[in-house]
Amino acid sequence: MEKGYEKVWSGCLAVIKDNISPNSYNTWFAPIRPVRLRENVLTLQVPSQFFYEWLEEHYIDLLKKTIKKELGQNGRLEYSIIMDSSHGGSTTKPYTVHAPTLNKKALKNPPISVPIDINQGGSTGRTLPNPFIIPGLKKINIHPQLIESYNFDNFVQGDCNRLARSAGLAVGQNPGKTSFNPLLIYSTNGLGKTHLVHAIGIEVKNLYPEKTVLYVTAEQFTNQFIDSIRNGNQNDFVHFYQMIDLLIMDDIHCLAGKPKTQDVFFHLFNHLHQNGKQIIITSDTPPVEMSGIEPRLLSRFKWGLSADLQVPDFETRIAILQKKIHNDGVEMPGEVLELISAKMNTSIREMEGALISILAQSSMNKKEITLDLAARVIDKFVKNTPKEISIEYIQKTVSQYFEIPLEKLKSKSRKRETVQARQLAMYFSKMHTKASLAVIGNKCGNKDHATVLHACKTIKNLMDTDKRFKKYVEDIDSIIKIK
Ligand code: ADP
Ligand code: MG
């Protein structure tokens, strides 16, 4: 017979009370409610995500000990989080977190299981809580979702970003008043798009605190839109976005192949633009090369200014590294910085990754940062960083392998050999890229997502039944992976 959850929790509280100050106890433990106990898992209800994070950060050991004491070695803990209702209005339905997570903390500290955060399965970490469902929302309450350190002071200037940076500054100083509306920033991964658009948002917030600024990724926007349909509050969704004075939408290419979301965004765009509001967009390609985005939306993107970010040159890369170590309050010999800058020359994000690895290596092993140490870390880093494989690259590889013109593979041709090559391109794109089925289909003969799914199934079936075919697939796969 298991003990009741209330009894278990009051047992824990008795221990906790003895171990922390009354003040902390009242702040962090008194508001917790035990909810249930099932198979040695005690579920606690806490008032907010922040509350949960605080408990995890400061009281994990204490909680661990007391749970073990009450429930034995296999005792575990789960949290149920109530949506933050500090903006007024009533408490919403609790966001119960079911599954225990696999995040590092949880692995290091079994047996307490830590819940996953409350997003809907997105891959980008925390989702924006759907602000528009908070009752009685006032404009002033909208949180801009900006990252403070992504400001202009920290954004190093160079030839690679001159136009984008100065246009961004102009927009930051006069949102909605320049001809750069929308302002579209594009580049490949890791070259500073997200940083730059945050900097613009921060500039606007500093100069015009009364303006409503919102940073949102196209993926978050899509999820919120889908939620709003599910919950029947699409009007609230639209009204919420119509209140924004500066809307920053990151990674717009994620809207490819999502016509309904594009449609709402199109109308929102028109509304904001007509009312003199500023729109900033980022993308991984220039508008002319965007695929899967409706022409009427593309034509809007061309109204303002498109500016790209390029790979910074050697000196600028050094300046970026210097800024970073200066901000972090660490020191590093000049020759090490030069080595990083020389070797890591395609993405600023990866370059920063190498820098962090070197710092970590030296502090963990208590070694000085020498050229030798840096060279070893960079070497590992370069080898371990998988090069990004694109759909275009896959198409090229497949078409060369079968000696079929690339154009044919991208066309709608139904010739048997073309169809099979196209299906292979779809299959590899699904395996090696993060692109959605819709995007893959769009780039391979303008097909829909169902066709891509079917292609993947067909290839798998063929591989199971035809040894020669399987060999082809493995051959091509190894060529693709050499990249
Ligand atoms: P993207 O959105 O294009 O993938 P990010 O904005 O995420 O790239 O930038 C990747 C990393 O590089 C971030 O840590 C960012 O701060 C840094 N970074 C990019 N450009 C600069 C710059 N000009 N000066 C300083 N840091 C930069
Ligand atoms: Mg980005």
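FYI, it's all coordinate maths here, none of it is from the lab. These numbers were taken from a predicted model, which means no experiment stands behind them. Note: ideal-geometry Cβ built from the backbone for every residue, glycine included; neighbour counts use all protein chains shown.
Determine, for Leu63, Leu169, the number of other Cβ atoms within 10 Å of each Cβ, and report the residues in order from fewest to most.
Sorted ascending by nearby Cβ count, the order is Leu169, Leu63.
Taking the Cα atoms of the chain alone, what are Rg (to one decimal) and Dmax (as a whole number) in Å?
Gyration radius and largest Cα-Cα distance of the chain: 26.2, 77 Å.
Taking 0.36 nm per residue of separation and subtracting the Cα-Cα distance, what length does fully extending Ile229 through Glu474 add?
Stretched fully, the Ile229-Glu474 segment lengthens by 83.9 nm.
At Leu406 and Gln274, where each label point lies 7 Å from the Cα along Cα→Cβ, what is the point-to-point distance in nanometres?
4.2
State the Cα centre-to-centre distance between the stretch 177-218 and the stretch 26-77 in whole Å.
40
When the Debye formula is applied to the Cα atoms of the stretch 314-384, each taken as the same point scatterer, what base-10 log of I(q)/I(0) results at q = 0.16, 0.17, 0.23 Å⁻¹?
-0.46, -0.52, -1.01
Would you mind calculating the relative contact order of the chain from Cα pairs under 8 angstrom and at least 6 residues apart, reporting the percent as a whole number?
10
To the nearest 500 deg cm²/dmol, what mean residue ellipticity at 222 nm is calculated for the chain from DSSP H runs of n ≥ 4 alone, each contributing -39,500 (n - 2.57), summed and divided by the residues?
-16000 deg cm²/dmol
With charges set only on the Cβ (+1 for Lys and Arg, -1 for Asp and Glu), what does the dipole of the chain come to about its Cα centre, in debye to the nearest 20?
For this selection, approximately 1540 debye.
Which value, in debye to the nearest 20, describes the size of the charge dipole of the stretch 152-308 about its Cα centre when Lys and Arg Cβ atoms bear +1, Asp and Glu Cβ atoms bear -1, and nothing else is charged?
For the stretch 152-308, the charge dipole is close to 320 debye.
With r as the distance between the Cβ atoms of Glu6 and Phe266 and R0 = 41 Å, compute the FRET efficiency 1/(1 + (r/R0)^6) and round to 0.05.
Approximately 0.15, to the nearest 0.05.
Return the percentage of antiparallel bridges among DSSP beta bridges fully within the chain, rounded to the nearest 5 %.
30
Count charges around Asp308 for me, please; just the other residues with Cβ under 14 Å from its Cβ, Lys/Arg as +1, Asp/Glu as -1.
0
Tally Lys and Arg at +1 and Asp and Glu at -1 over the other residues with C-beta under 13 Å from the C-beta of Glu417: what net charge comes out?
+4
Among Ala435, Thr451, Thr465, whose Cα sits farthest toward the positive end of the charge dipole of the stretch 391-482 (+1 at Cβ of Lys/Arg, -1 at Cβ of Asp/Glu, about the Cα centre)?
Thr451
In a Debye calculation with equal point scatterers on the alpha-carbon sites of the stretch 344-483 and no solvent, what is log10 I(q)/I(0) at q = 0.09, 0.12, 0.13, 0.14 Å⁻¹?
Cα-only, vacuum Debye calculation for the stretch 344-483: -0.40, -0.59, -0.65, -0.70.
For the stretch 431-469 and the stretch 276-342, compute the distance between their C-alpha centroids and round to whole Å.
About 32 Å separates the Cα centre of the stretch 431-469 from the one of the stretch 276-342.
Once you list every other residue whose beta carbon is under 12 Å from the beta carbon of Gly172, what net charge do they have if Lys and Arg are +1 and Asp and Glu are -1?
Local net charge: +3.
Apply the Karplus parameterisation 6.51 cos²θ - 1.76 cosθ + 1.60, with θ equal to phi minus 60°, to every residue of the stretch 29-38 and state each ³J(HN,Hα) to the nearest whole Hz, in sequence, with x for glycine and proline.
Once θ is set to phi - 60°, the couplings for the stretch 29-38 become 10, 4, x, 7, 10, x, 10, 6, 9, 9 Hz.
Would you work out which of Asn74, Leu337, Ala307 lies farthest towards the positive end of the dipole of the chain, given +1 charges on the beta-carbon of Lys and Arg and -1 on that of Asp and Glu, about the Cα centre?
My answer, from the dipole projection, is Asn74.
Put +1 on the Cβ of every Lys and Arg and -1 on every Asp and Glu Cβ in the chain; which of Leu55, Val264, Ile281 then has its Cα farthest towards the positive end of the dipole?
The residue sitting most towards the positive pole is Val264.
Could you give the size of the charge dipole of the stretch 391-482 about its Cα centre, using +1 on the Cβ of each K and R and -1 on the Cβ of each D and E, expressed in debye and rounded to the nearest 20?
So the magnitude is around 200 debye.
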